[in-house]
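The values are calculated or read from the model by the stated rules, or taken from the named source; none is laboratory data. It should be emphasised that the depicted structure is a prediction, and the values quoted were computed from it without experimental measurement. Because the Cβ atoms are built from the backbone with ideal geometry, glycine has one as well, and the counts that use them run over all protein chains shown. Note: areas computed on protein heavy atoms with side chains; ligands, DNA, RNA excluded. Shrake-Rupley method; radii C 1.70, N 1.55, O 1.52, S 1.80 Å.
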Amino acid sequence: MLDQPARLSTLETLAAEGVLDESQAARAGAALRASLPWGKWADRLLLLVGTLLLLSGIVFFFAYNWEAMGRFMKLGLIEGALAACLFFAWRVGLERLVGKILVTSASVLVGVFLAVFGQIYQTGADAWTMFAAWSVLVVPWVAAARFPALVVLWIALLHVTLITYVSQVGDPFDFNSTCLTLGMLNAAALALSETVLPWMRERWVRGILLCAALVCLQIPATWFIIEPGHDGTTVGTLLAYLAALAGAWAAYRIRTPDLPALSIWSLSACVGLLTAIGKGMFSGRGDEVLTFFAFGMIVVGVFTAAVTMLRRTARLLGESA
Amino acid sequence: MTTWTTLLEQVPGVDTSRVEAWLSTPREHAHAPWYLQAITAVGAWIAAAFFMSFLFRLELIDWNSSASFFVWGVILTGAAIGVARRSGSVFLGQLALTASGVGQTLLLVGVGKVADNWGAVALTEVGLAAALYFAYPDALHRFLTCGVAWGLVVGWFVEQKHGEWLSVLVGVQAVTLAGLTARSLRPALLPLVYAFAAALPATVLVMQLWPEGSLWPPQAILGGWLLWLCRWAGAGGERRDWQALAYGAVVALAVFSTPGILTAVGLLILGFGRQDAFLTTLAVAFLAVFIVLFYYHMEVDLATKSWILMASGILMLGARAMLPRWSVS
């Protein structure tokens, strides 16, 4: 047991239970904090925040629409920065974080280039075409970099493309099919990351994609429960949501149990189930006053079941619960 | 990663066999992960809304009678304490949390109706939070009541347009956080640390969005807190050059940034130093918010702003390039 990594929370519990005295715990805590990789932490923080600020500055610079600057100068500057990012990424190598961030920066600069190009030549095309072109052009870098943050950025870009398409063109998408398409896109990305893309298996990526998939599928499914047919919702909408819940259960409770993912699942399932029960209870002709009390008790019961299941899973995984 | 063996070797007089025996015994941890606690809280809040509707629809509470608010508030809060202290069941625990939420809300509305004063409501909740911290031994309940008490106090100060009182609140929060985390933290006090850690950036956010007072007092207080955190982080180490670098960076941040950025960086240090996912998540979220606010509120045109942003980015990347190699490896 003593060969396991020491944790501050455990150290504090040891002190609270009298296994260590106050001064021993304080001394061990200070030694533990000092042994943490603070340099690596500062390195990552400066790299990420610095890159974000620099890229934001570049975006704002071109958004200013400099009249004194010629079109070739503007496009040349962006292309130069883009080429520099790719050159240094190649020099550094894509297996290092710096290389991955350089490719991500290049991917952002493609969007800046397309926006400035549209601004200069006033092509008259809808905004969705710019996002679509941006999404397509960066595909090779997304594939090559193997960087979860870039993939998430790319998926977000696909969302923006579809949403701007629906708002500017619409046909053949309505509210229901837009939500279903986005939900399935997120679910497919999650399924791929869990099966064939091991470098995508990070908890934060899993959390974002699972949340996005369930929210996109749950919104129309909830409308269907409350008012079938609203905004084009059908039984298929509800079935798609239930299939996503079943898939997530199989993946994160049976195949590879994961507590944060199961927590997201539980919250979504509780809301879905309570919407269905609430619809049944409040649209009936029962005693309305008692219905409020009964529904309150059902809410407590449903969430208790979810928390009990999560605690059992936590014990199974040996995580704190 | 430092193992227990390596760590305990640095502390004289430790009975390692006792520590090993303790670590080998399987036991329930004192606190569930924060996301599990969040689900419990969501359930309790939804249920509380329906129970409250039930009480009003049954006309057990008369809107015109503050006494009925007090009576039901005391009954429900008392019942919640009794159930929470005696029962180990998840269902009853969830029910108690809900009852306590309803009871406290009724009590506060009752106080508000009698006193017609936000300050009285806020101070009542501060008193309730302090009393319930001992009476209701549940981590989530402690976090939520402290958080609600903070929210009401801030609301009171904003309503009174007392910006300087908000600065005092920031000072109290920073000093309390430092005091609580300076030595070995008792697990029972962890919810208080979380509540203060969430309240501190939220208070600063309120100050930056509705500036009723000068921002230099919180800037100075938080600069001092950040310096203390640097010392706290490296207290057990031997690299004095690393600490000097950190102090320099803090002074530069305190001079050129905002209280919000200082708070978020402080929470990042606290989160990493305590290896705490909740604090780190909180810090990252608030850092993003405060960086956006910092540049958004600059009273310069877009072109100048873009230059400042690019210069800030280059400065950070330059600072990274100058980090001593030993510190990164």
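Filtered by the rule that a residue be in contact (Cβ under 8 Å) with a residue 24 or more places away in the chain and over 27 Å from the mean Cα position of the chain (by Cα), segment B:77-102 gives a lone residue, B:ALA79. As for segment A:217-227, it holds at least one residue that is under 16 Å from A:SER177 (Cβ atoms) and open to solvent by 70 Å² or more (accessible area, probe 1.4 Å).
Residue check: A:ARG201 meets all listed conditions (1) surrounded by fewer than 17 Cβ atoms within 10 Å (Cβ to Cβ); (2) over 19 Å from A:THR104 (Cα atoms) but one, namely (2). Would a scan of segment A:23-33 turn up a residue that is part of a helix (DSSP H, G or I), more than 7 Å from chain B (Cβ to nearest Cβ) and without any contact (Cβ under 8 Å) to a residue 24 or more places away in the chain? Yes, because at least one residue in segment A:23-33 is part of a helix (DSSP H, G or I), more than 7 Å from chain B (Cβ to nearest Cβ) and without any contact (Cβ under 8 Å) to a residue 24 or more places away in the chain. Here no helices (runs of 4 or more DSSP H) wholly within segment B:269-329 include at least 2 residues being open to solvent by 60 Å² or more (accessible area, probe 1.4 Å) and charged (D, E, K, R).
Being touching an Asp or Glu at 6+ places or on another chain (Cβ under 6 Å) and hydrophobic (A, V, I, L, M, F, W, C), is that true of even one residue in segment A:2-11? Checked segment A:2-11: at least one residue is touching an Asp or Glu at 6+ places or on another chain (Cβ under 6 Å) and hydrophobic (A, V, I, L, M, F, W, C). Selection of segment A:1-15 for residues being open to solvent by less than 40 Å² (accessible area, probe 1.4 Å) and either at pLDDT below 85 or under 35 Å from the mean Cα position of the chain (by Cα) (or both) yields A:LEU2, A:ALA6, A:LEU8, A:THR10, A:LEU11, A:GLU12, A:THR13. Before we move on, is A:LEU153 under 16 Å from the mean Cα position of the chain (by Cα) and farther than 21 Å from A:TYR241 by Cα? It is true that A:LEU153 is under 16 Å from the mean Cα position of the chain (by Cα) and farther than 21 Å from A:TYR241 by Cα.
Scanning segment A:68-80 for residues that are touching a residue at least 40 places away in the same chain (Cβ under 8 Å), out of contact with any Phe, Trp or Tyr (no Cβ under 9 Å at 6 or more places or on another chain) and of a type outside the set (Lys, Arg) turns up nothing.
Counting only helices (runs of 4 or more DSSP H) that sit completely within segment A:82-194, those holding 2 or more residues that are under 27 Å from A:TRP265 (Cβ atoms) and not β-branched (Val, Ile, Thr) correspond to A:148-168.
Rundown of residues vs (1) open to solvent by 30 Å² or more (accessible area, probe 1.4 Å); (2) in contact with a helix residue (DSSP H, G or I) (Cβ under 9 Å, 6 or more places away or on another chain); (3) under 30 Å from B:MET52 (Cβ atoms), yes/no style:
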| site | (1), (2), (3) |
| --- | --- |
| A:THR233 | no, yes, no |
| A:THR237 | no, yes, no |
| A:ALA250 | yes, no, no |
| A:ILE254 | yes, no, no |
| A:TRP265 | yes, yes, yes |
| A:GLY296 | no, yes, yes |
| A:PHE303 | no, yes, yes |
| A:ARG315 | yes, no, no |
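Within segment A:55-72, one or more residues are open to solvent by 40 Å² or more (accessible area, probe 1.4 Å), modelled with pLDDT under 90, in a helix (DSSP H, G or I) and facing chain B (nearest Cβ under 7 Å). Checked against (1) in contact (Cβ under 8 Å) with a residue 12 or more places away in the chain; (2) more than 9 Å from chain B (Cβ to nearest Cβ), A:ILE264 passes all but a single condition, namely (2). Checking each residue of segment A:241-254 against the condition of being among the hydrophobic types (A, V, I, L, M, F, W, C) and at the interface with another protein chain (Cβ under 9 Å from one of its Cβ atoms) gives no match.
The one condition from (1) open to solvent by less than 60 Å² (accessible area, probe 1.4 Å); (2) at pLDDT below 95; (3) closer than 30 Å to A:ARG253 by Cβ that A:VAL196 does not meet is (1).
Every residue, every condition in (1) farther than 16 Å from A:LEU267 by Cβ; (2) modelled with pLDDT of 90 or more; (3) in a helix (DSSP H, G or I), yes or no:
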residue: A:VAL289; (1), (2), (3): yes, no, yes
residue: A:PHE293; (1), (2), (3): yes, yes, yes
residue: A:VAL300; (1), (2), (3): no, yes, yes
residue: A:VAL307; (1), (2), (3): no, yes, yes
residue: A:ARG312; (1), (2), (3): yes, no, yes
residue: A:GLU319; (1), (2), (3): yes, no, no
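Considering every residue within segment A:35-47, establish whether at least one is more than 30 Å from B:SER184 (Cβ to Cβ), open to solvent by less than 50 Å² (accessible area, probe 1.4 Å) and within 11 Å of chain B (Cβ to nearest Cβ). Checking segment A:35-47: at least one residue is more than 30 Å from B:SER184 (Cβ to Cβ), open to solvent by less than 50 Å² (accessible area, probe 1.4 Å) and within 11 Å of chain B (Cβ to nearest Cβ). List the pairs whose first member sits in segment B:174-200 and is touching a residue at least 24 places away in the same chain (Cβ under 8 Å) and away from every other protein chain (no Cβ under 14 Å), whose second member is open to solvent by 10 Å² or more (accessible area, probe 1.4 Å) and hydroxyl-bearing (Ser, Thr, Tyr), and whose Cβ atoms are under 8 Å apart, counting only residues at least 6 apart or on separate chains? Once the first residue is touching a residue at least 24 places away in the same chain (Cβ under 8 Å) and away from every other protein chain (no Cβ under 14 Å) and sits in segment B:174-200, its partners that are open to solvent by 10 Å² or more (accessible area, probe 1.4 Å) and hydroxyl-bearing (Ser, Thr, Tyr) give B:PHE196/B:THR176.
One line per residue, one yes/no per condition, for (1) outside any helix (DSSP H, G or I); (2) at pLDDT 90 or above; (3) aromatic (Phe, Trp, Tyr); (4) open to solvent by 20 Å² or more (accessible area, probe 1.4 Å):
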{"position": "B:GLY155", "(1), (2), (3), (4)": "no, yes, no, no"}
{"position": "B:TRP165", "(1), (2), (3), (4)": "no, no, yes, yes"}
{"position": "B:VAL168", "(1), (2), (3), (4)": "no, yes, no, yes"}
{"position": "B:GLY171", "(1), (2), (3), (4)": "no, yes, no, no"}
{"position": "B:ALA174", "(1), (2), (3), (4)": "no, yes, no, no"}
{"position": "B:PHE196", "(1), (2), (3), (4)": "no, yes, yes, yes"}
{"position": "B:VAL204", "(1), (2), (3), (4)": "no, yes, no, no"}
{"position": "B:GLN219", "(1), (2), (3), (4)": "no, no, no, yes"}
{"position": "B:LEU222", "(1), (2), (3), (4)": "no, yes, no, no"}
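Okay, residues lined up against (1) within 22 Å of A:LEU239 (Cβ to Cβ); (2) of a type in the set (Gly, Ala, Ser):
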site: A:ARG146; (1), (2): no, no
site: A:ALA149; (1), (2): no, yes
site: A:TRP154; (1), (2): no, no
site: A:VAL169; (1), (2): no, no
site: A:ALA189; (1), (2): yes, yes
site: A:TRP199; (1), (2): no, no
site: A:GLU202; (1), (2): no, no
site: A:ILE225; (1), (2): yes, no
